[in-house]
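Before any comments, here is the structure.
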Amino acid sequence: MNKSRREFIKLSAIGAGGLVLANPLLNAMIGQVNAAEPMDASKIKRFPTYCEVCFWKCAGWVYTDEKGEIWKIEGNEDDPHSNGRFCPRGTGGLGMYNDPDRLKTPLMRVEENGKQTFKEVSWDKAFRFIAEKMNKIKEESGPESLALFKHGSGGAHFGKLFKAFGSKNITAPSYAQCRGPREVGFNTTFGSNINSPEPVDLENTKCLVLIGNHIGENMHNSHVQEMSKAIDRGATIITVDPRLSTAASKSKYWLPIKPATDIALLLAWMNVIVSEELYDKKYIEQYAYGLEDLQAHVADKTPEWAEKITSISADVIRQTAREMAFHAPATLIHPGRHVTWYGDDTQRLRAMAMLNALLGSWGRKGGFYFPEKAKVPSYPHPGYPPVNWTWKDHLDGTYALAGSSIANVFVDMSHPDNESDYKIKGWFVVGTNLISTIPDTQRTLEAIQNLDLLVVVDTMPMEITGYADIILPECTYLERYDDMRVSPNRFPNVAVRVPAVKPKYLSKPSDWIVRKLAKKLKLSKHFNYESYGEVIDWQLKQMGSSLAEMKEKGVLKMERKTPMFIDEDDYHEFGTSTGMIELYSLDLEMEGFDPIPNYTPHPEPPQGFYRLNYGRAPMHTFGRTANNPNLNELMSENCLWVNPFVAADNNLENGQEVWLKNQDGVVSDFPIKVRVTERIGKDNVYMVHGFGRANKKLKRSFGKGISDSQLITNVMVDPVMGGTGMRGNFVSFVTDKPESEVIS
Amino acid sequence: MRYAMVIDTKKCVGCSDCVVACQNENRVPIGYCRDWVIEHAKGTFPNVSIELRSERCNHCENSPCVRCCPTGASHYEDGGLVKVTRHECIGCGACVQSCPYDARYSHPDGFVDKCTFCHHRLQEGKLPSCVSVCPTECMYFGDLDDKESKVYQLLQNRNWKILAPEVGTKPHVYYLI
């Protein structure tokens, strides 16, 4: 008990400590208020917002103190995403505002004395430069040759600018690098997408099944809250994960599966449920198409067959299948979120959807509910010009089932090796660090070298900003209006975001940036307002409320108009081509893919190598929070989880720094500390994604830990929808400092 | 009245939200904290389990920190709260050394600081900020003298432990196990 508090906190994150307390002098720099001063309660104000630290977009309140500085951020009790409780990232969101490393002014790439450097420029000069380049691209190859990569609220404003300019080549890595296979897997089964937040009725589930989904480490707020309530109620949790995740540690059954064999387990579960006739007979008979095909398909996929593949005993497979059936239809096989793993991900997600179907949990209490979304009128603007082509023309029918644009295809369209007629010449990158989000960084960099224009809009100097021609500093969500949050949920609702403080430095809201740039492009007629507050106020007034009212409420809840679950006495039509739940997928068959999922073995790590797995920590979102002063202090670097046998075999000690080398010879830029732990098996190693930041301007996070993205050079593309499978990379340990130094 | 905090280790996911919320609420300078989270792992793969625990000042009934304070700055208040009166504290750090839970730190402004169970919030009828922010609702706060209270009920019906019982401090933070 003689360790300091600081080391204790870090324990949960990295194992052995040895970490230095933050320098108290730093506190003055980042605007921390002197704790000895009492606060004048009458001067405290609150402003509604929804969080932008992750995509869950919890609604809450930003409190400012007597000096008008941000004091704290808390959840809004009327909000179904947060229920009045923010997660650590949302609570620490003020660190985004306070971070002294923020982008402060527009920066332009210039050449000085033969060396490229960034120079501070005025907003006006930045806009003139961008408008000129955009018009040149438009003249030479058409407006469609400009592409937008986006993530988050700021991106929506740029989407409108792109459409007004004449390009619908707009994409987000959150599809093909994350949840895309899930959308296609469930859509081909139930005719509905999952979307966000996932419409899972965790609140009422009696049996929760997690396939590599680490709720609690992924801090999807309302789901974490509901899982906790499920634990309280004594619900069964079954977690399939090669690592003892936090969720696994709270589960009745933890199935430490051999990585990359999940489909075999899912098929065996279906074998048990079908052969023992444990499925929901009435539901399947009424709604499902293809039961006989499925029966024949899984007849030989016995638990004994799966045991040899997955290393999960046949007994446990049977026992867990029976337990799922016992609680059905209140059994939920959670679709997860980041599911681009091995390239056959759509099929794995389909197997999960089909298992839900057999248990009758789609549209049933304790399974999946039917979400409803508020209808928000569009602010009036002139029609957008027609476009001559989009990314779909480049693909010419490939990935036809993809429901959204595929970010890696945009990289292909920009790459010098693109021989199609559809070429991308310029990028806007808004709020997404493509260097980390799209695997095969080398290819992304080659595409970037081939561009005529790269505009990066961000709040922080992420790696992608280093390659920009021009960098535009966006202010944080705490300093701006944005579109209302309109997300599907148990009840339709909207949440507003209102600035709590003025933009720091010379940073600006995206809606302002877009309006000013539109003026230079002579597109002002599309952006007919002076402040985005006007747009929201107009929309709210059409809905019978107002911005003034919403400043007091933050969240507007509405009544449902349709049933939340399938009405047992009524006919229910599904959105598939047969109008039924497709256990046998006609869409997949038509596109030439397996209509029922098959297990295919994946490559194993070579001798001396270990599969690289990665995931989330509850206090961080991707790489965007690594430098946040509040969150960095909770976890300032990632560590490498290594089984004690693996550590012994490789002479590694707890806390030792190692570099990693992958199967293609790529060595990590930085070292990572080894965490020797029994929580992981012998065939893989694990790290939290988002560290190893390589931009020196990120002073707090530069060079701390490793970026898994850098080591993901083997990308297995999902033939169904173009997703990028990232879990087939293998690493070995390098204990001596490699010769090459990172230069940035 | 006897204030107590009951923390359910079966529900805690170790997210450390309690730490950030406390830092904001109580303006704890970055680099310091009044509460923290630890993880204990037991067993060998795959028969392994973990316990996650949010820790803080235990507001002990028999507090070494109050006993050793030379100026009386460390003192008890109603409900058994252990608090530090900042202007009476000379920052000698005797209490920091005496606390078996390492729950106190020397504030850069020259006094010793620690968890107050958010006394200022209790006075407004609110819960401590860590309790009210916790996404898993694994923390409970209330009056142990009130048999109707959730904290009393939980200790009646669940298995629990206190930290370092051997040092005889009689802590008032309880962990459900």
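Quick one: how many residues across region B:27-51 are under 22 Å from B:Lys114 (Cα atoms) and more than 7 Å from chain A (Cβ to nearest Cβ)?
Our first condition is that a residue be under 22 Å from B:Lys114 (Cα atoms); within region B:27-51, this holds for B:27-39.
Of the ones still in play, those that are also more than 7 Å from chain A (Cβ to nearest Cβ) are B:32, B:34-35.
Within region B:27-51, residues that are under 22 Å from B:Lys114 (Cα atoms) and more than 7 Å from chain A (Cβ to nearest Cβ) number 3.
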What are the pairs, 6+ residues apart or on separate chains, where a residue within region A:99-116 that is closer than 16 Å to A:Gly431 by Cα has its Cβ under 9 Å from a residue that is surrounded by 19 or more Cβ atoms within 10 Å (Cβ to Cβ) and of a type in the set (Asp, Glu)?
-> A:Leu103/A:Asp458; A:Leu103/A:Glu474
Can you pull out the residues in region A:664-681 that are of a type in the set (Val, Ile, Thr), part of a strand (DSSP E or B) and either under 16 Å from A:Arg611 (Cβ atoms) or more than 14 Å from every other protein chain (Cβ to nearest Cβ) (or both)?
-> A:Val667, A:Ile672, A:Val674, A:Ile680
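This table checks each residue for (1) among the polar types (S, T, N, Q); (2) within 12 Å of chain A (Cβ to nearest Cβ); (3) out of contact with any Ser or Thr (no Cβ under 7 Å at 6 or more places or on another chain).
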{"residue": "B:Arg67", "(1), (2), (3)": "no, no, yes"}
{"residue": "B:Pro70", "(1), (2), (3)": "no, no, yes"}
{"residue": "B:Gly80", "(1), (2), (3)": "no, no, yes"}
{"residue": "B:Ile90", "(1), (2), (3)": "no, no, no"}
{"residue": "B:Val96", "(1), (2), (3)": "no, yes, no"}
{"residue": "B:Asp113", "(1), (2), (3)": "no, yes, yes"}
{"residue": "B:Pro135", "(1), (2), (3)": "no, yes, yes"}
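Could you grab me the full set of residues in region A:567-620 that are hydroxyl-bearing (Ser, Thr, Tyr) and at pLDDT 95 or above? Spell out how you get there, then give the answer.
The first filter runs over region A:567-620 and keeps only residues hydroxyl-bearing (Ser, Thr, Tyr), leaving A:571, A:576-578, A:584-585, A:599-600, A:610, A:614.
Within region A:567-620, A:Thr576, A:Thr578, A:Tyr584, A:Ser585, A:Tyr599, A:Thr600, A:Tyr610, A:Tyr614 qualify.
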Over region A:664-681, the set of residues out of contact with any Pro (no Cβ under 7 Å at 6 or more places or on another chain), closer than 30 Å to B:Ser49 by Cα and not hydrophobic (A, V, I, L, M, F, W, C) is A:Pro671, A:Lys673, A:Arg675, A:Thr677, A:Arg679
Applying the selection to region A:431-451, what residues are among the hydroxyl-bearing types (Ser, Thr, Tyr) and either in a loop (DSSP other than H, G, I, E, B) or in contact (Cβ under 8 Å) with a residue 40 or more places away in the chain (or both)?
-> A:Thr432, A:Ser436, A:Thr437, A:Thr441
Inspect all residues belonging to region A:264-276 and state whether any of them is free of Cβ contacts under 8 Å to residues at least 12 places away in the same chain, away from every other protein chain (no Cβ under 14 Å), surrounded by fewer than 21 Cβ atoms within 10 Å (Cβ to Cβ) and more than 30 Å from B:Ile7 (Cα to Cα).
-> no
For region B:107-126, which residues satisfy the criterion of being out of contact with any His (no Cβ under 7 Å at 6 or more places or on another chain) and aromatic (Phe, Trp, Tyr)?
-> B:Phe111
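Could you tell me how many of the residues in region A:257-272 are assigned to a helix (DSSP H, G or I) and either modelled with pLDDT under 95 or hydrophobic (A, V, I, L, M, F, W, C) (or both)? Don't jump to the end; show me each part of the working.
As a first pass, look at region A:257-272 and keep what is assigned to a helix (DSSP H, G or I): A:262-272.
Add one more test, that the residue is either modelled with pLDDT under 95 or hydrophobic (A, V, I, L, M, F, W, C) (or both), and what stays is A:263-270, A:272.
Matching residues across region A:257-272 total 9.
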Complete set of residues in region A:382-413 that are more than 27 Å from the chain's Cα centre (by Cα) and hydroxyl-bearing (Ser, Thr, Tyr) | A:Tyr384
If we ask which residues in region A:438-488 are surrounded by 23 or more Cβ atoms within 10 Å (Cβ to Cβ), touching a Lys or Arg at 6+ places or on another chain (Cβ under 9 Å) and more than 26 Å from A:Pro509 (Cβ to Cβ), their number turns out to be 0
Could you check how many residues of region A:190-207 are closer than 18 Å to A:Tyr584 by Cα and either in contact with a strand residue (DSSP E or B) (Cβ under 6 Å, 6 or more places away or on another chain) or without any contact (Cβ under 8 Å) to a residue 40 or more places away in the chain (or both)?
-> 1
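Among the residues of region A:623-658, how many are under 20 Å from A:Lys704 (Cβ atoms), part of a loop (DSSP other than H, G, I, E, B), away from chain B (no Cβ under 14 Å) and at pLDDT 95 or above?
Start the filter on region A:623-658 by keeping residues that are under 20 Å from A:Lys704 (Cβ atoms), which leaves A:623-642, A:652-658.
Narrowing the set further to residues that are part of a loop (DSSP other than H, G, I, E, B) leaves A:623-628, A:633-638, A:652-656.
Next cut, away from chain B (no Cβ under 14 Å) only: A:623-624, A:626, A:637-638, A:652-653, A:655-656.
Adding the requirement that they be at pLDDT 95 or above leaves A:626, A:637-638, A:652-653, A:655-656.
Going through region A:623-658 one residue at a time, the tally reaches 7.
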What is the residue count in region B:137-153 for residues that are acidic (Asp, Glu) and within 11 Å of another protein chain (Cβ to nearest Cβ)?
-> 1
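The values are calculated or read from the model by the stated rules, or taken from the named source; none is laboratory data. Small disclaimer: the values here were computed from a predicted structure and weren't measured. Neighbour counts run over all protein chains shown; Cβ positions are idealised from the backbone, glycine included.
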